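**Student:** Would you mind keeping the following structure in view while I ask a few things?
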Amino acid sequence: MSPFLSWYLLTTFLGWLTFPLAHRLFPALADRGYTLSRAFGLLIWGYIFWLFAMLGIAQNDMGGLLLGLVVLVCLSMGALIRSPILPFLQANRPLILTTELLFFLAFGFMALVRAANPEIVGTEKPMELMFINGIMNSATFPPRDLWLSGYSISYYYFGYVMTSMLALFTGVPGTVAFNLMIALIFALSATGAYGVLYNLLASSKSSVNSLSSLLFPLFAPLFLLILSNAEGFLEILHKSGFLWKEGPNFWTWLDIPELRDPPPHASSWLPDRFWWWWRASRVIMDYDLQNNWMGDVISEFPAFSYILGDLHPHVLAMPFTLLAVAVALNLFLGGWRGRINLYFGELRIHKAGFFVSALVLGGLAFLNTWDILTGAALIVSGYALVRVAESGWGWERIEDILLLGIPLVVTSLVMYLPFYIGFDSQAGGLIPSFMFPTRGAQLWVMWGTLFIPLFAFLFYLQRIHTPANWRTGTLTALCLVLVLLVAMFAIGLFAWLLKPNLVEPILASQGRDVATFIADSMKRRLSYSGGLLTLLALLIPSFSFLFSNSQSSADEVPSRPAFSTFHFSLLLTILGVLLILTPDFIYLRDNFGYRINTVFKFYYQAWILLSLASAYGTIVLLKNLRGASNVIFTILFTLVLLI
C-alpha cells in the first residue's frame with residue numbers, strides 16, 4: 001500500500017505542478033490540458049533529467065531528479081505568471097473531480113490486478129526488469145546494459161528511464177516499480193483518452209460541465225483499454241460446440257489455430273486451455289504461396305497487454321501517443337496561432353507550439369521508435385487542416401505539410417540526439433508483402449468491435465446529408481492503395497535487379513519464376529479482397545466527408561470549409577485504417593524475417609486511434625438517434641460490448 005500511495009501522490013503532485021504550463025500551452029482545448037498534465041509533466045521531467053544526465057550536468061541520483069524538478073517548477077511558474085489558472089479551476093471543478101476520480105480508480109484497479117499476479121517471469125519481462133535495474137544502478141548515462149557487460153542500452157528505453165525515476169524518488173525497488181508502472185500507464189492512458197474525447201465533445205463552454213459531458217467521455221477509456229477483439233467471444237462459442245460438425249465448417253474456414261480443431265468435451269462454456277487468451281493476440285495467419293505457415297503474426301491490443309503484464313515500449317508509449325493526439329487536436333482547433341519564418345518558407349504556428357510538438361514527437365521515438373510515424377502524421381495533418389480552413393484545399397497544402405513536417409522531425413531528432421548516437425536498430429529496409437495480404441474474415445475478428453461503431457457513424461453522417469465530396473474521396477482512397485501497390489512492386493523490382501541473390505532463393509522456395517510468382521500472389525490478393533474492400537469502405541466515406549466543400553467553380557474563390565470536431569475523428573479513422581492497410585503491401589525487414597513486427601506495431605497504434613474515433617461516433621449516435629434507428633444501434637452497441 002505504501003508504494004502505491006507514494007506513486008499516486010508523486011504523480012498527482014507532478015500533474016498539478018505541470019498544469020499551469022499545460023494551461024498556457026493548450027489554449028484551444030476545453031480542459032486546457034488538465035487531463036493530460038500528468039503525462040505531460042512526466043515527459044518534461046523525464047526529458048530534462050535524462051538530457052542533464054547524458055550531458056554530465058547531473059548525476060543519476062536524487063540530486064539530479066530534484067534538479068530536473070526545479071527546472072520544471074521554473075517553467076511552470078513562468079507560465080502561471082502569464083496565464084493564471086484560478087478562474088479555470090473555479091469554473092471546472094466537476095471536470096477536475098471526475099478526472100482525479102478516474103485516475104485514482106484506474107490506478108488502483110490495475111495495481112490490484114498486478115498485486116494478484118506480480119511475478120516477473122516469462123515473455124520479455126526479465127529483459128524489461130533488467131533495463132529498469134540497469135538504469136537505477138547506473139551512476140551516469142547512457143545507462144548500462146546488465147546483460148552485455150561494458151555496453152550501454154541500445155534500445156528505445158525512455159519509458160524505463162521514467163520508471164526508474166519514479167522508483168528512485170519514492171525509494172521503491174525495481175521489482176515493485178515494474179508492476180506499479182503498468183498500473184500507472186493504465187491510469188495515464190485512461191485519463192488521456194478521457195481528455196481527448198472530452199475535448200472533442202466540448203463544443204461550447206456552457207455545456208462542458210454538464211453531467212453528460214463528464215460521463216460520455218468515459219467511453220474512450222472503455223474502448224481503448226477494456227474493449228477487445230472478437231477472439232475471446234469465439235473461444236466461448238467454440239468451447240460450446242457452436243456451428244461445429246464433421247467436415248469443412250465455419251471454424252476451419254476461419255482458420256485460427258485451436259479454434260479450427262474439434263472442441264473438447266464441453267463441461268463448461270469457459271475455455272480451459274492453458275493461456276487460452278493468448279490466441280486473441282494472434283488471429284492473423286500468414287502463409288507463403290506453398291501454403292506453408294509462416295508463424296504467428298502479432299495482432300496485440302491494449303486489453304491483452306494489461307492481462308499479459310509486459311512492460312514493453314508499445315505499452316509505455318500509450319499515454320504519450322494520446323498526448324500527441326491532444327497536440328494535433330489543439331492545432332486543429334486553432335491553438336498556437338503565430339508565425340515562424342524559415343529560410344525556405346513561413347510556418348503559421350507559434351514557436352512554443354512548434355517546440356512542444358517536437359518534444360512530444362521526439363519523446364515518442366525515444367519511447368517506441370515506430371510511433372514517430374503516427375505522431376508526425378497526426379500533428380502534420382492537424383496543421384494541414386488548419387491551413388485548409390484558412391486558405392481552402394489545393395496543392396499548396398502539400399507545401400504546408402512539408403514546411404512543418406521536415407523542420408519538426410529534424411528538431412525532434414536534434415532534441416533527442418544523444419539517444420540516437422548510441423542507438424542501433426535491427427531494421428534493415430523495406431520488404432514487399434507480395435504473399436501476405438490479410439484475409440477479410442480474420443481482419444473482422446481483429447477489428448470488428450471497432451469497425452461496427454465506425455460504419456454506423458459513417459452511415460449516420462450520410463443519412464443526415466453531411467456535405468461530402470464523393471468523387472475526390474473515392475479517388476484519394478484508391479490512389480493511396482495504388483501508391484502502396486506501386487511501392488510494393490518498385491521495392492520488389494529494385495531488390496530483384498540489385499540483389500538477385502536475396503530474391504532468387506525466395507522464388508526457388510516457392511517453386512516459381514518471377515512471372516508466375518507475381519501472378520499467383522495477385523490471385524491470392526484477389527481471393528483475400530474482403531480485407532481491402534472493408535478498409536476501402538471506411539476510407540472512401542471518411543475522405544469524402546473530410547473533403548467536403550472542396551469543389552469550386554472557375555469563377556469562384558476556392559471554398560474554405562469550416563471544420564467541426566467530427567472531422568478530426570475522421571482524421572483519426574483515416575490514419576488508423578492506413579496503419580492497418582500498409583503491412584498488406586510493405587513491411588519492415590528485421591530479425592523476424594516476415595511481417596510479424598510491422599503488423600504488431602502498426603495495429604497497436606491503429607487501435608489507439610480507432611478506439612477514440614469509435615468512442616466518438618458511438619456517443620454521437622447515442623445522443624442523436626431516435627426511434628427505430630436508436631433501437632438498432634443500441635442493439636449493435638450492446639453486441640459489441642458483449643463480444
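The values are calculated or read from the model by the stated rules, or taken from the named source; none is laboratory data. As the structure is a prediction and not an experimental result, all values here were calculated from the model. All Cβ positions, glycine included, derive from the backbone under ideal geometry; neighbour counts span all protein chains shown. Note: areas computed on protein heavy atoms with side chains; ligands, DNA, RNA excluded. Shrake-Rupley method; radii C 1.70, N 1.55, O 1.52, S 1.80 Å.
**Student:** One residue is enough: does the range 273-288 have a residue meeting the conditions open to solvent by less than 10 Å² (accessible area, probe 1.4 Å), out of contact with any helix residue (DSSP H, G or I) (no Cβ under 8 Å at 6 or more places or on another chain) and over 30 Å from Val388 (Cβ atoms)?
**Tutor:** Checked the range 273-288: at least one residue is open to solvent by less than 10 Å² (accessible area, probe 1.4 Å), out of contact with any helix residue (DSSP H, G or I) (no Cβ under 8 Å at 6 or more places or on another chain) and over 30 Å from Val388 (Cβ atoms).
**Student:** Still on this structure: What number of residues within the range 326-342 are exposed (fewer than 14 other Cβ atoms within 10 Å of the Cβ) and within 30 Å of Ser189 (Cβ to Cβ)?
**Tutor:** So the answer is 1.
**Student:** Now a separate question. Take the range 289-303 and flag every residue that is touching a Lys or Arg at 6+ places or on another chain (Cβ under 8 Å) and either of a type outside the set (Ser, Thr, Tyr) or open to solvent by 40 Å² or more (accessible area, probe 1.4 Å) (or both).
**Tutor:** Leu289, Asp296, Val297, Ile298
**Student:** If a residue has to be part of a helix (DSSP H, G or I) and among the charged types (D, E, K, R) to count, how many in the range 58-87 make the cut?
**Tutor:** Looking only at that region, the number is 1.
**Student:** Looking at Leu29, Leu89, Leu55, which one is aliphatic (A, V, I, L, M) and more than 23 Å from Leu333 (Cα to Cα)?
**Tutor:** Just a single option satisfies the conditions, and that option is Leu55.
**Student:** Next up: Hand me the list of helices (runs of 4 or more DSSP H) wholly inside the range 271-335 holding 3 or more residues that are among the aliphatic types (A, V, I, L, M).
**Tutor:** The qualifying helices (runs of 4 or more DSSP H) are 302-308, 318-332.
**Student:** In the list Phe633, Phe592, which residue meets the criterion of being over 19 Å from Pro453 (Cβ atoms) and out of contact with any Phe, Trp or Tyr (no Cβ under 6 Å at 6 or more places or on another chain)?
**Tutor:** Every option except Phe592 fails the conditions.
**Student:** When the range 336-354 is examined, which residues are found to be modelled with pLDDT of 90 or more and not in a loop (DSSP other than H, G, I, E, B)?
**Tutor:** Hits for the range 336-354 are Lys351, Ala352, Gly353, Phe354.
**Student:** Name the one entry in Ser357, Ser391 that is over 30 Å from Ser433 (Cβ atoms), surrounded by fewer than 24 Cβ atoms within 10 Å (Cβ to Cβ) and among the small types (Gly, Ala, Ser).
**Tutor:** Matching residue, one of Ser357, Ser391: Ser391.
**Student:** OK, next. Name the single residue, out of those in the range 593-627 being assigned to a loop (DSSP other than H, G, I, E, B) and in contact (Cβ under 8 Å) with a residue 40 or more places away in the chain, that is least open to solvent (accessible area, probe 1.4 Å).
**Tutor:** Per the stated criteria, the residue is Arg595.
**Student:** Look through the range 415-432, keep the residues that are in contact with a Phe, Trp or Tyr (Cβ under 7 Å, 6 or more places away or on another chain) and either of a type in the set (A, V, I, L, M) or assigned to a loop (DSSP other than H, G, I, E, B) (or both), and return whichever of them is surrounded by the most Cβ atoms within 10 Å (Cβ to Cβ).
**Tutor:** For the range 415-432, the residue satisfying everything is Tyr416.
**Student:** Now for a different question. Can you tell me which residue within the range 119-158, out of those that are assigned to a loop (DSSP other than H, G, I, E, B) and under 24 Å from the mean Cα position of the chain (by Cα), is modelled with the lowest pLDDT?
**Tutor:** Ser154
**Student:** Scan Thr449, Thr466, Thr374 and give me the residue that is within 22 Å of Phe566 (Cβ to Cβ) and surrounded by fewer than 19 Cβ atoms within 10 Å (Cβ to Cβ).
**Tutor:** Checking each option against the conditions leaves just Thr466.
**Student:** Report, by residue number, each residue of the range 355-414 that is modelled with pLDDT under 90, among the small types (Gly, Ala, Ser) and either within 19 Å of Phe26 (Cβ to Cβ) or in a helix (DSSP H, G or I) (or both).
**Tutor:** Matches in the range 355-414: Ala389, Ser391.
**Student:** So Ile643 fits all but one of (1) within 29 Å of Gly375 (Cα to Cα); (2) modelled with pLDDT of 90 or more; what number is the exception?
**Tutor:** Single failed check for Ile643: (1).
**Student:** Continuing with the same structure: Taking the range 275-298 as the region of interest, how many residues are among the hydroxyl-bearing types (Ser, Thr, Tyr) and modelled with pLDDT under 95?
**Tutor:** Adding up the residues that qualify gives 1.
**Student:** What are the residues in the range 43-60 that are open to solvent by 20 Å² or more (accessible area, probe 1.4 Å) and more than 19 Å from Ser357 (Cα to Cα), if any?
**Tutor:** Phe52, Met54, Leu55, Gly56, Ile57, Gln59
**Student:** Would you say Leu184 is touching a Pro at 6+ places or on another chain (Cβ under 8 Å), at pLDDT 95 or above and closer than 23 Å to Gln605 by Cα?
**Tutor:** Answer is no for this residue.
**Student:** Right, something else. Does Leu639 qualify as being open to solvent by less than 10 Å² (accessible area, probe 1.4 Å), over 21 Å from the mean Cα position of the chain (by Cα) and not basic (Lys, Arg)?
**Tutor:** No: the conditions fail for Leu639.
**Student:** What number goes with the only condition from (1) among the β-branched types (Val, Ile, Thr); (2) within 27 Å of the chain's Cα centre (by Cα); (3) open to solvent by 60 Å² or more (accessible area, probe 1.4 Å) that Thr99 does not pass?
**Tutor:** (3)
**Student:** Output yes when any residue across the range 36-57 is of a type in the set (A, V, I, L, M, F, W, C), touching a residue at least 24 places away in the same chain (Cβ under 8 Å) and outside any helix (DSSP H, G or I), and no when none is.
**Tutor:** Yes, the range 36-57 contains at least one residue that is of a type in the set (A, V, I, L, M, F, W, C), touching a residue at least 24 places away in the same chain (Cβ under 8 Å) and outside any helix (DSSP H, G or I).
**Student:** If a residue counts only when it is within 21 Å of Leu97 (Cα to Cα) and either open to solvent by less than 40 Å² (accessible area, probe 1.4 Å) or at pLDDT 95 or above (or both), which helices (runs of 4 or more DSSP H) contained entirely in the range 195-264 have at least 2 such residues?
**Tutor:** In the range 195-264, 211-215 are the helices (runs of 4 or more DSSP H) which contain 2 or more residues that are within 21 Å of Leu97 (Cα to Cα) and either open to solvent by less than 40 Å² (accessible area, probe 1.4 Å) or at pLDDT 95 or above (or both).
**Student:** Name the residue that is farthest from Gln426 (Cα to Cα), counting only residues in the range 165-198 that are of a type outside the set (A, V, I, L, M, F, W, C) and without any contact (Cβ under 8 Å) to a residue 60 or more places away in the chain.
**Tutor:** Selected residue: Pro173.
**Student:** Hey, could you check the range 72-84 for residues that are closer than 14 Å to Phe40 by Cβ and either modelled with pLDDT of 95 or more or not hydrophobic (A, V, I, L, M, F, W, C) (or both) and say which is most open to solvent (accessible area, probe 1.4 Å)?
**Tutor:** Leu75
**Student:** Of all residues in the range 436-446 being among the hydrophobic types (A, V, I, L, M, F, W, C) and crowded, with 21+ Cβ neighbours inside 10 Å, which is farthest from Gly627 (Cα to Cα)?
**Tutor:** Going through the qualifying residues, I end up with Phe436.
**Student:** With the structure loaded, tell me whether Glu128 is touching an Asp or Glu at 6+ places or on another chain (Cβ under 9 Å) and either more than 21 Å from Trp16 (Cβ to Cβ) or surrounded by 16 or more Cβ atoms within 10 Å (Cβ to Cβ) (or both) or whether it fails that test.
**Tutor:** yes
**Student:** Looking only at the range 132-156, count how many residues are open to solvent by less than 10 Å² (accessible area, probe 1.4 Å) and out of contact with any strand residue (DSSP E or B) (no Cβ under 9 Å at 6 or more places or on another chain).
**Tutor:** Residues that pass the stated criteria total 1.
**Student:** Could you tell me which of the residues Phe459, Phe455, Phe451 is more than 23 Å from Thr582 (Cβ to Cβ), modelled with pLDDT of 95 or more and either in a helix (DSSP H, G or I) or out of contact with any Cys (no Cβ under 7 Å at 6 or more places or on another chain) (or both)?
**Tutor:** Phe459
**Student:** Using the structure shown, decide if Gly345 is farther than 26 Å from Gly33 by Cα and surrounded by fewer than 22 Cβ atoms within 10 Å (Cβ to Cβ).
**Tutor:** yes
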